[in-house]
Structures are given as structure tokens and as C-alpha cells.
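Engineer: Mind looking over this structure? Questions follow.
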Amino acid sequence: MDLYGISYSSPESQDPYNPTGSEHTTSSGASTSSGYNPHTIVYSTSNSESETENVRNIYSLETDGNAPFISEEEQENSWSDLFVCGLKNIEDSDLSKEITHWNELFQQILDMDESEERSKKLATIANDFVYCADTFGKIIISELYLPVEKKTIKPVDIGGVAGGLKFKIQDIMFKFVIDTEIREGVWMYGDNKRADGFAQKSANHEIKGLNHFMEASNCGLIRFPLMAIIDYRGYRLLAISQLPIDKTTIVYGSCDAGKTVHNSDPLISQEMERISKILNLRGHTVGLSQTFIYGPGDIEVHKGTDGRYYMIDFARIFPPEYPLVFQNQKETIGREIFYQMLRPELVKKSKEPLSSDAFSGWQTSLFEEGLNRDVVRATKLLHTELIKLAVDTLNASEEIDYSPSTHKVFEVLELINTMRALGINTRYLGVIASQLTIRSLKELCMSEVVARVMKRIIRYKLRRIMDITRRPSEEPYKLLIAEAFSLILKQQPEQIAFWSSTAKGSFKQIALTVFPRCLSETDSNPKYDLRQGIDLKVVLLRLNRMLNIKIADSSMNQFLASNDYILGIQDIELVGSTVKYPYIIDFAHGSHLLHHTKKLTRSQDTNHLELERWINRSKDVLFEAVRQMPSSLKVIQKLLVSFHIKVSLINDTMNVTRLLIIGVILHGWSISKEEQIRPSILGLMALYHLHLATIYLFHSNHFDQFINELKVCREQLELALDQDPNCIDEYIYLSLPITTKLTETVIDKQPQSFQKRKVHQLLTLNYLLSNTPPKSIIHKVLPKYLMQVIQIDNFEILQNAESLFGNYVIRNFFLNSLQLRSLSIRKLTFTKEIADAIGHLSKLESLGISDVNYPEDPIFHSFFQIIFEQCHDLKSLTISANKYISDATFENLYHHFKTIECMTLNKTPCVTDITILNLMPHFEKLTHLSISYSKEISDNSICLLLQNVKFEKLSLDHLPLVSDKITTSLIDYQVSTLEHLSLTNCDFTKDSIDNLSRSLSNLKIFEGKNVFTQPHTYKI
């Protein structure tokens, strides 16, 4: 290849020149000038043949064994069609299929029945669309100032009023979101001057309108495009999948600014009326033709060439806010009615349906004043009641430390979700913040206000850099971000003045233009540095997320751990793009993750850490969907289920409580009263309150809260189960220790906190049953879940709960758990009623008791008599930490031990050799034995036992009366069967241990404090 454009040719003859290099010169001499060819392979043969052979024999075929030699040519060719075991061929996967029509594939997936596969495919195509839109969008923005002929993606002319420059590539339409001059001197959003920032707000309403119409339509008659908003370098693009429509396919709405308004399809007319009633939108006449429609006049519904109906232009779905309520200093309505909309949640709260075209020239109804008046009332509701309700509710809260800053970010987002669910726009966050008296909440709100103002400043500056440099460079943008970080974090006079002053160009002055009335009297003081009342780390974390600023991990960790670390340009890895998209993308993705997580929770073989990763990802993705649709029942329900799974897996009780309370708040504030009483929601929330009641009793000694939460739990359960007796089937298994197979019995060893909580919740549920009238539906339904519990480890009544869990409740607990197959009990005082109830557990296979008391029969003889007579399947028995159990305990019960396969005696000082010797003839099935911390068991019984019983697992620990005789018996009688041996803190010599380790050939695990050699691979 001639990289520099210079070629060589021989002036005399072309014959000697061989460009292929296929001829080999064997002469050892230099080539002549006439035979010069730089592309040939030249080599010479060594004069010493032996030397050549020595070189060639360095790697002999004999030393290679059976491994074939692969030449360089074969190595290269192998990659042309590489086969890898365990990986499918790319050609055989969906990955290899080119997507030429996003819309067709999207609609086909929406036509599928609801399933995990549908959610997975929907998430895949939506994420692919967003990725492509982001990739192409960044190219379009980066090349904004290139001449058209040099642009990678060329602009197209497809018309539109509130438009901008448009592009098309890979079946995706792109449009710059900028203000446009609709007639000379009048701009669509800025009135008498261009205002791109207001136009960008309109693009947000496109997504919002699409979200709510899509949910209300529920994949019915009207379909919708894929959509994304790309923010990059201060510019915004709207990306929409190409639809099979044109100006001739419109059947509803107007595509020519109201000159012609369509309502020609009865099916669409009915569907628009149905959806508008759900959204509480009022029908009205619009345009020159005074056509009656629902929704804004510039909405468009087309009957596509594929036969489907499609809706576009969603920016003005919801009515505008009446601006003269908040901006009471103004006398006339401006063009803010085209970008300052009421929230959908507020529109639903209105007693009267509202017109999308209020205050605009689109309305041509005779009742126009009445339509406008309804919107004025809704606006007054927002400012006189809802904002006041939010302020009063927050000020009635307790002072809480929401640290660390990463947690505060979550609380901020949750606070905004709650505001939106009430119907309060984020633009009024500053109004709320200025009135808060709870320091911690004011800090959260003001930190968010500051972050959003700084975002506006930075985006404006990013756009100015792009306008000035006119090139896609990275360094100027990093420098701008670094300067912004310094302005936020440094404490020099210049920065202090910026945050304290109220003069033009100061932060406070700019903040008031973004969030009017956001400063309290204290905040407005020109000597007060506003940063004193905010968390700067929260501000930086939120900025990084809103602007997609990538900070090096090590730098971010140092920043979060230190109070004086200033992030600089050296810490910034990337200033990327941000993408907004419809909620259905996160909802589909989160639903798929949640479905897989549920599968994992039902499998006992799942790695706990893997399960946590899945549920964390599911929770995070669904939380993003809720941020867009804070009042959507199906989205909130999925998020609540993810919370429910999450709290069943984590050990931190404080974190569990926080998530449960957030869930309760979501249910109360974000879901309508009508939807709150659906059985699936009520049943799930009842389990939330059951969980909270358990925590208040077993972890915090709050008896009043325990009773209150249990009361709410009972009320919700009764309402839910009356409607649908199976409504908690999907959730209950996470609240109780329900398993499908037995695991090794746990006693004395502390299980993880979340496992203990499940046992405590089982106790709480039994307490609820014991204190609920017999006629309640609860008594008909809940026992079926209790009968699914087959294993309980470390059953224990904590001291703070003893007053509530008396003899009657504990007795009923065991009578309600008749399917139990494995039970271990700690620190419980037995009564005859409790002993009899345990005796009713006829399916019991494993029983363990530790540190228990039985005042009526201290030696437990009668208790074990009941157990052995009733529990014929008992295979495992563990007795631990009991100084009263003695040889007398087992008298006349020896014959019952013929079914025992596993037995443990731990810290039973009154059990002697007599018991071991009397039990020995009856150990027909015993393979696992553990004896520890006993001063009364010696070589005499153990050696005889080793001679007569073959063990697979044996533990003899902390037995002072045993000696090397034991090791001899082990070698003589246990060589063929023993696999697991533990000899800890017994009086054995080193020689005996060494001899033992060499002789027991089948031994897999050998645990012991003494040092010994290892002829085999042992786990020490």
C-alpha cells in the first residue's frame, strides 16, 4: 500500500519486479540492481547444516505430544469463521437482525400477550432505539455548524409550525428543539424574542403527554411512536420513530395550525372521548371550522398505511396553568400557556374536566369563558391548597438526619415524586423550600433547587461554547464543568460573593428567574452564603446525573469521603449526553428484571448476592419509571413489589424500615382512593404493615406502633381477602419462612437478620390470628399459608415480646404449623400445652432444642416421650445447652432411636457414658454424630460406639476424657465410611493425629486444632 502517494517503477524493465513476493531468492549474494525487488522474500541457506538442524529441533514433535502444530496461515483463517463452544453463532441470534423499521417491530411486540418474553423484547427494542437515537443525535448536534454538504446526516424538509431543523436516519426522525418565529416578530414560545429554553420545556411535555395517553390507551386502538429527547452540548433533539403516515392520513386534529380540523373517524372519536375521560380532559370546538374534539387542537391522529391508528404531537395534551395566579404582578397572559402546563395529577383532581386549549386561540367555543374559568379554579387549587398541604405536611415531620449524601439524593427524588403525585409541578419546589422550617428537609429541597439552577446555567454556557467554537471539541466543556465545580465548592471571596450577593449575575438573582419566590428572608440576606443551608455533595451528585458528567471513581470516592476535596478538570472523564424517553421503556425493563428476580427468590439454590444485584437493578429501573408516572397504578405496584422483595433480603433494619415507610407513603399519596382498595394493592400493603409491626416489636420495643401497624394490617387484609382470597399468594412467601425443601438445621448459630425477621413475622401473624374474631376471613385464608412452612430455625421469643406472646399464642403457633418438618427452639420456657402442641407436629423429621426450660418436667422425659410417640418420621435430634437433661431423660426411650440418622449432644453435662451405651444397640440408621463440651463421656462408650456403628460424619470436640484410644478405633473401624471428622480440643498426641490422617483414605474434611500432615487434599 502506497500511504504517501509515491509509487516506484523500474525505468529499464518491469520483468524483474515481483509485487506479489512469490519468488524466493536462494543466493547468498547481494541482489543486482536490475533484480531489485523490495517485496520479495530473501533468505540464505546456512553453510552449517548441523546448525540448521539444531535450530529446527528446538521444538520437537515429540515434546509437543498430541497437540497439532497450527501454522500462521491456519491461525489467521480460523478467525474468519470462529466457532466458540458455549457461545451461539451471531448469525443465529436476534442480534444479527437489522432493524429497518422500528415502528413495525415495536407495534408487533405491543400486540403480544402480557408475558416475561414481551417485557424482555419491549425493553430490548426500546433500549436499542434510545441507544441509536443518542448515537446519531450526538453526531447531528456535533455537526450543527458544518455546511450541509459536509454533514454526516443531512437535514430534511418535512414542515411543521413549532418546528426546527429536522433530520432522518435509520428510520428515526430528529428535530432540533428550538423556538421558531411563527410570524414576523412573534416567536412560538418567547413572544417578542427567541426563547429556546421554553421550547425545550415543551419537548418535556411531549414525553409527558405520550406517557399518559399511552397508558390510558393500553395498547388499544390508538398506537404511539418510539420517542427520545437527547440533550448534548446545551442543545436538545427530539427523536421519533418513522411512522407510516403523511398529511393525507390524518383523521383527527389539525396539522395546519387550525385551518382544517379533522374528526372524520367514528372509532377514533369514541376512543378519544374514552381516553379523555380517564385523563379528565374536556371536549370543545377548535379551529376555523369549529370542529368538536377532545385534547388540544394541534394533536394529530392518523390512520397509517399499515391500517393502524397513530397519534403524534403531545406537547399540549394537558391544560396550561393560569399564569396570573402565581405571576400576580402581570396584567396579561403571555405565551407561557404553551409551555407551563398543569400536571396530569392535578387535572384529575379537578371537579370539572378541563380544556387542553384553555386561554389560547385554538378554542372557538361559545362557552370559552366557562372552559377558561375551570382551569383558573384548578390553578387556584394548586396554589391555595396543594402547595400549602405539602408545606404543612413537611413542616409537621420530625427532624431526621438523611446522611450520607448518596442517601439524601434518593430522598430528594422521592420528595419530588410525592410533589408530582399531589399535582405540584417541580417549578414550585423553590416556593415550598422557602417556607420549610424543618432544617433537614429545607436542606434537601434547596440542594435540589441549587442543582437545577446550576444545570440551567451550565447548559446555557455549553450552548454558547458550541456556538462560538463551532467544533465538536471535548476540552472546553470539561473546563466549563471544572469552573462550575470550583464555583460551587471553593470558599474564596469571589465564590462567597457569588453565593451571597443579590446583584445581577449572582446566584440568588439567577435562581429567582428559574424558581421564583425560592428564597426565604434569611436566604435573601446579601451577607448570607446560600451554601450554608445546602449539601454541596448532593448538588454535585445531582448535577452529575442531570448532565451525565462522568467523574473518575477514585476521585468521586475521595470527594464523598472528604469535606475539602475540590473536583477539578483532572477528575472529569466525560461530559456526555442525557436521554429522556417514555416510561414504558423503564417499565418494560424493570418488569423483566422483576420477573426474573421472582424466579430467583423461589429457588433455594440462588446465590444471595446475585439475588440482591437483580432486585437492586429492578428497583432502580422501576423507580425511574415512577419518576415519570408518579400516579400510575401498574408502575407503582411493580415498584412496591420490588421494595417488598428488597426488604426480605437485607439485614439492615433501619434500611428496611425506611423502604417500608416510603412504600406506605407511595401508596397513600400517589395512588387514587379508588385504586387503593384493589385487593392486590391492599394485600401487598397489609404485608408492609405486618413487616413494620414486626420491626416495632422485635427490634425497637415500640409496643404502641406495633399495635397500630397490626391493626392497619388486619383491616387491609380483611378488605383484600373479602374481595379476593388469593390476592396475597404472590407476595406472602417473601414475608414468611416458606421453603420447598429442607436445609441443614440451624441452632445456636445466628442466621442472617432477614431470615430471623421472617420467623418473627410468622410469630406476628400468629399473634394477629390469636387476637382476631373467629368469624373473620383471616381465619379462613391465612392458615393455608402457615401450613406451607416446613422449617423454622432458632424459634425464640425475645424478652421484649414475652409479655405479648403468652402460652396461648405460642401453643396456637405450633398448632397452625402442622406441616413443619424441621424445628429448632431456643430459650423458650415450655408448658405442657406447648409440649403437647409440638407433639402434634407428626411430620417432624428434625428437632433441635437449646437452652430451654420445662418447669413441670425439668429432665424433659415426658416431652421426648410425646415427641417419639407422635413424630414417627424423626430422623435428626439436637440437644444443646441444657444442664437438666441427663441419663434419666432417655430411660425407656432407647428403642425410639432406631430411626435417628443424625444426633447432636452439645453442652449436656449430665449425660454420661450410660446413655451412649444404652442407645448404641438401637442406632440402626445413625450416620452423623456430634458430641461436644461434655465431661462425663469417655473412651469407654465412644470406642464401643465406633466398633458397632459406621459413621459418615463424626464430631468429638472439647471432650477431656477421651484419648488416643479413639484414634485407634477410628483407624480400625471407620476407614471405609468416614468422610467428615472433627476432633477439636481433645487430648490426642500429634503422632496419633498424623497416623489418623494417613489412614483414613475416604476422609474429605478433617477439622482439628492439632497439627498433622496431609497425604490427601483436606479442608483444614
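Engineer: In whole percent, how big is the carbon plus sulfur part of the accessible area of the range 140-278, probe 1.4 Å, protein atoms only?
Structural biologist: Summing carbon and sulfur atoms, their accessible area is 52 percent of the total for the range 140-278.
Engineer: For the range 225-268, compute the orientation-averaged projected area of the C-alpha convex hull (one quarter of its surface), in nm². Write out the running numbers ahead of the final one.
Structural biologist: Numbers: hull surface 18.1 nm².
Approximately 4.5 nm², given one-decimal rounding.
Engineer: In whole angstrom, how far apart do the alpha carbon centroids of the range 526-603 and the range 432-507 sit?
Structural biologist: Distance between centres, Cα-based: 17 Å.
Engineer: By how many nm would the segment from His608 to Arg439 lengthen if fully extended, with 0.36 nm per residue of separation less the alpha-carbon distance?
Structural biologist: Working: separation 169, 0.36 × 169 = 60.84 nm, distance 3.85 nm.
The span from His608 to Arg439 would gain 57.0 nm if fully extended.
Engineer: Enumerate the amide H contacts of Ser700 below 5 Å, restricted to partners 5 or more residues apart or on another chain; note that Pro and chain-start residues carry no placed amide H.
Structural biologist: none
Engineer: Let me understand the range 871-994 better: what is its radius of gyration from the alpha carbons, and its Dmax, in angstrom?
Structural biologist: 13.7, 45
Engineer: Continuing with this model, one more query. Dividing the alpha-carbon radius of gyration of the range 809-868 by 2.2 N^0.38 Å (N being the number of residues), what value is obtained?
Structural biologist: Numbers: Rg = 10.6 Å, N = 60, 2.2 N^0.38 = 10.4 Å.
Taking the Cα Rg and dividing by 2.2 N^0.38 Å, one obtains 1.01.
Engineer: How compact and how long is the range 106-382, expressed as Rg and Dmax of its alpha-carbon atoms in Å?
Structural biologist: Over the range 106-382's Cα set, Rg and Dmax evaluate to 19.0, 56 Å.
Engineer: Helix-only estimate, please: 222 nm mean residue ellipticity of the chain, summing -39500 (n - 2.57) across DSSP H runs of length 4 or more and dividing by its residues, to the nearest 500. Working shown, then result.
Structural biologist: On the way: 35 runs with 444 residues, N = 1020.
Taking each H run of at least 4 residues, the total per residue is -13500 deg cm²/dmol.
Engineer: If you average the alpha carbon positions of the range 256-279 and of the range 951-979, how far apart do those two centres end up, in angstrom?
Structural biologist: Rounded to whole Å, the Cα centres lie 87 Å apart.
Engineer: A further question follows. For Asp987, project a label point 7 Å along Cα to C-beta. Then give me every residue of the range 927-952 with its amide nitrogen under 11 Å of that point.
Structural biologist: Label zone hits: 939.
Engineer: For a quick check of your reading of the filter: which trypsin sites (Lys or Arg not before Pro) in the range 312-362 sit in a DSSP loop and have no more than 10 other Cβ atoms within 10 Å? Numbers along the way, then the final one.
Structural biologist: Values: sites: Arg316, Lys330, Arg335, Lys348, Lys349, Lys351; in loops: Arg316, Lys330, Lys351.
Taking the range 312-362 and a limit of 10 other Cβ atoms within 10 Å, the loop trypsin sites (Lys or Arg not before Pro) found are Lys351.
Engineer: Taking 10 °C and 1.306 mPa s as the conditions, I'd like the Stokes-Einstein D for the range 215-368 in µm²/s, using the Kirkwood hydrodynamic radius from alpha carbon pairs.
Structural biologist: On the way: Rh = 16.6 Å.
Here the translational diffusion coefficient equals 96 µm²/s.
Engineer: Could you please state how large a percent of the accessible area of the range 397-576 is carbon and sulfur, counting protein chains only and using a 1.4 Å probe? Please report the intermediate quantities before stating the final value.
Structural biologist: On the way: 4090 of 7870 Å².
The computed percentage sits at 52.
Engineer: Based on the Cα gyration tensor of the range 104-151, what are the three equivalent ellipsoid semi-axes, each the root of five times an eigenvalue, rounded to whole Å and given largest first?
Structural biologist: On the way: eigenvalues 237, 20, 5 Å².
Computed over the range 104-151, the values are 34, 10, 5 Å.
Engineer: Roughly how many Å² of Thr469 are accessible to a 1.4 Å probe, to the nearest 10?
Structural biologist: So the heavy atoms of Thr469 present about 40 Å² to solvent.
Engineer: Amide H neighbours of Leu847 under 5 Å, counting only residues 5+ apart in sequence or on other chains, H built in-plane at 1.01 Å?
Structural biologist: Amide H to amide H, under 5 Å and 5 or more residues apart or across chains, Leu847 pairs with Leu823, Ser876, Leu877, Thr878.
Engineer: Through the Karplus equation 6.51 cos²θ - 1.76 cosθ + 1.60, θ set to phi - 60°, convert the phi angles of the range 908-915 into ³J(HN,Hα) values in whole Hz; use x for Gly and Pro.
Structural biologist: Going residue by residue, I get 10, x, 9, 8, 10, 4, 4, 4 Hz, with x marking Gly and Pro.
Engineer: Step through the residues of the range 833-845 one at a time and calculate ³J(HN,Hα) from phi using the Karplus curve (6.51 cos²θ - 1.76 cosθ + 1.60, θ = phi - 60°), rounding each to whole Hz and writing x for Gly and Pro.
Structural biologist: Whole-Hz 3J(HN,Hα) from phi for the range 833-845: 5, 5, 4, 5, 5, 5, x, 6, 7, 5, 8, 5, 10.
Engineer: Residue by residue through the range 981-990, what is 3J(HN,Hα) from phi via Karplus (6.51 cos²θ - 1.76 cosθ + 1.60, θ = phi - 60°)? Round to whole Hz and write x for glycine and proline.
Structural biologist: 10, 10, 10, 10, 6, 10, 8, 10, 7, 5
Engineer: How about the range 588-689: which trypsin sites (Lys or Arg not before Pro) there lie in a loop by DSSP and see at most 16 other Cβ atoms within 10 Å?
Structural biologist: Details: sites: Lys598, Lys599, Arg602, Arg613, Arg617, Lys619, Arg627, Lys634, Lys638, Lys646, Arg658, Lys673; in loops: Arg602.
Taking the range 588-689 and a limit of 16 other Cβ atoms within 10 Å, the loop trypsin sites (Lys or Arg not before Pro) found are Arg602.
Engineer: Tally Lys and Arg at +1 and Asp and Glu at -1 over the other residues with C-beta under 15 Å from the C-beta of Gln716: what net charge comes out?
Structural biologist: Numbers: positive: Lys673, Arg678, Lys711, Arg714; negative: Glu675, Glu709, Glu715, Glu718, Asp722, Asp724.
That works out to -2.
Engineer: Provide Rg and Dmax in Å for the chain, with only Cα atoms included in the calculation.
Structural biologist: According to the Cα coordinates of the chain, Rg and Dmax are 38.3, 121 Å.
Engineer: Taking 29 Å as the cut-off for C-alpha to C-alpha distance, list the pairs among Lys619/Lys673; Lys154/Lys247; Lys461/Lys550; Lys780/Lys875 that go past it. Before the final figure, lay out the partial values.
Structural biologist: On the way: Lys619/Lys673 24 Å; Lys154/Lys247 22 Å; Lys461/Lys550 18 Å; Lys780/Lys875 33 Å.
Lys780/Lys875, as the Cα separations exceed 29 Å there.
Engineer: Consider a paramagnetic label point 7 Å from the Cα of Ala497 along Cα→Cβ; state which residues of the range 509-545 have an amide N under 20 Å from it.
Structural biologist: Under cut-off, by backbone N: 509-511, 524-532.
Engineer: Determine which aspartates and glutamates satisfy two conditions relative to Lys711: a Cα distance under 19 Å, and not lying fewer than 8 residues away in the same chain.
Structural biologist: Leaving aside aspartates and glutamates fewer than 8 places away in the same chain, those within reach of Lys711 are Asp722.
Engineer: So for the chain, taking the charge dipole from beta-carbon charges (+1 Lys/Arg, -1 Asp/Glu), which of Leu828, Gly668, His699 sits furthest toward the positive end?
Structural biologist: Ranked along the dipole, the leading option is Gly668.
Engineer: Can you give me the solvent accessible area of Lys259 with a 1.4 Å probe, rounded to the nearest 10 Å²?
Structural biologist: About 140 Å², rounded to the nearest 10.
Engineer: If you don't mind, there's one more thing I want to ask. With every protein chain present, what is the per residue accessible area of the chain (1.4 Å probe, Å²)?
Structural biologist: Heavy-atom SASA per residue in the chain reads 47 Å².
Engineer: Which whole number in µm²/s is D for the range 159-260 by Stokes-Einstein, with the Kirkwood Rh taken over Cα pairs at 4 °C and 1.567 mPa s? Working shown, then result.
Structural biologist: On the way: Rh = 15.1 Å.
This corresponds to a translational diffusion coefficient of 86 µm²/s.
Engineer: Let me ask something else about it. Long-range amide H contacts for Phe830: which residues qualify at under 5 Å (H placed 1.01 Å from N, peptide plane, sequence gap of 5 or more or a different chain)?
Structural biologist: Asn853, Tyr854
Engineer: Starting from the Kirkwood Rh over alpha-carbon pairs, what translational D in µm² s⁻¹ does the range 397-576 have by Stokes-Einstein at 4 °C and 1.567 mPa s?
Structural biologist: Numbers: Rh = 17.0 Å.
Using the Kirkwood radius from Cα pairs, D works out to 76 µm²/s.
Engineer: OK, next. So which aspartates and glutamates can Lys478 reach, going by Cα to Cα under 12 Å and dropping same-chain residues fewer than 8 places off?
Structural biologist: Asp571, Glu573
Engineer: Under a 1.4 angstrom probe, counting protein chains only, how are Met685, Met654 ranked by accessible area, largest first? Don't skip to the end; give the middle numbers.
Structural biologist: Values: Met685 0, Met654 150 Å².
The most accessible residue leads, giving Met654, Met685.
Engineer: Set the bar at 27 Å for Cα to Cα. Now go through Lys388/Lys442; Lys138/Lys455; Lys330/Lys442; Lys330/Lys380 and name every pair that lies beyond it. Walk me through the numbers on the way to the answer.
Structural biologist: Values: Lys388/Lys442 15 Å; Lys138/Lys455 19 Å; Lys330/Lys442 29 Å; Lys330/Lys380 16 Å.
Flagged as over cut-off: Lys330/Lys442.
The values are calculated or read from the model by the stated rules, or taken from the named source; none is laboratory data. The shown structure was predicted, so the numbers you read here are calculated from the model rather than taken from an experiment. Neighbour counts run over all protein chains shown; Cβ positions are idealised from the backbone, glycine included. What goes into the accessible areas is simple: the full protein's heavy atoms, side chains included, and nothing from ligands, DNA or RNA. Shrake-Rupley method; radii C 1.70, N 1.55, O 1.52, S 1.80 Å.
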